[in-house]
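Peer 1: Sending over a structure as structure tokens; questions will come in a sec.
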Amino acid sequence: VVQKESEKINAIIVDLDGTLAILNNRGPFEWENVENDNLNRPIAELIAMSQKHSYKTIILSGRDEAASEKTIKWLNQNDIIYDKLYLRPSNNQMSNADYKRMIFINEIQAKYNVLFILEDLPEVVKMWRDDFDLTVFQIT
């Protein structure tokens with residue numbers, strides 16, 4: 001069921017690796033070491049400011065769900081409040097752009113009014129802009 005625009009919940013979408021989490025001496029697929037990531041403080045502040053305006057926080061990551069426990073622990077240790085967390089199912093070989101597009105269409109688009117997206121990967125930034133005409137802040 002698609003809700004009217006006025007009935008949709010205001011939200012932001014935030015990527016993890018390279019955006020909210022700065023990889024600290026680990027490769028991008030070394031899920032066992034995600035608890036060592038550094039917090040990107042300006043991104044955490046943007047999330048907090050959005051929440052003060054009642055925006056929901058959706059964390060949408062290409063990170064494997066095998067790291068879910070350590071990811072949740074890291075988010076809690078860094079005082080990141082979020083409403084939804086989407087991690088990639090194990091053995092899912094879709095590109096980050098295709099995976100995030102699928103989650104957006106199936107889980108987010110009908111329910112949420114997305115104010116902006118925080119993302120680092122150029123191909124994912126391009127997908128959000130080209131496919132959905134959404135505002136994206138590209139993090140470098």
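The numbers here are math on the coordinates, done by the rules we state, and not lab data. Computed from a prediction, not measured in an experiment: that's the story for all the values here. Backbone-built Cβ (ideal geometry, glycine too); neighbour counts: all protein chains shown.
Peer 1: Determine the percent antiparallel among the DSSP beta bridges restricted to the chain, to the nearest 5.
Peer 2: 10
Peer 1: If eta is 0.692 mPa s and T is 37 °C, what Stokes-Einstein diffusion coefficient results for the chain, Kirkwood Rh from Cα pairs, in µm²/s?
Peer 2: 215
Peer 1: I've got another one for you. Can you show me the helix-derived [θ] at 222 nm for the chain, built from DSSP H runs with n ≥ 4 at -39,500 (n - 2.57) apiece and divided by the number of residues, rounded to the nearest 500.
Peer 2: The per-residue figure over the chain is -8500 deg cm²/dmol.
Peer 1: Could you pull out every residue, at least 5 positions away or on a different chain, whose amide H is within less than 5 Å of the one on ILE9? Hs are placed 1.01 Å off N in the peptide plane, and Pro or chain starts have none.
Peer 2: Residues meeting the amide H criterion: TYR112, ASN113.
Peer 1: Now for a different question. Would you order ARG101, ARG26 from fewest to most other beta-carbon atoms within 10 Å of each residue's own beta-carbon?
Peer 2: ARG26, ARG101
Peer 1: Tell me, what ³J(HN,Hα) does each residue in region 98-114 have, in order and in whole Hz, if you take phi through Karplus 6.51 cos²θ - 1.76 cosθ + 1.60 with θ = phi - 60° and put x for Gly and Pro?
Peer 2: So the Karplus estimates, Gly and Pro as x, are 5, 5, 5, 4, 4, 5, 4, 5, 7, 10, 10, 3, 6, 9, 10, 9, 7 Hz.
Peer 1: Still on this structure, I have one more. Under 22 Å between alpha carbons, and skipping anything fewer than 8 positions from LYS100 in its own chain: which lysines qualify?
Peer 2: LYS8, LYS56, LYS70, LYS84, LYS111, LYS126
Peer 1: Let me ask something additional. Which of TRP128, TRP31 comes first, and how do the rest follow, when ranked by fewest Cβ neighbours within 10 Å?
Peer 2: Neighbour counts put them in this order, fewest first: TRP31, TRP128.
Peer 1: Here's something else I'd like to know. If contacts are Cα pairs under 8 angstrom and at least 6 residues apart, what is the relative contact order of the chain in percent?
Peer 2: 32
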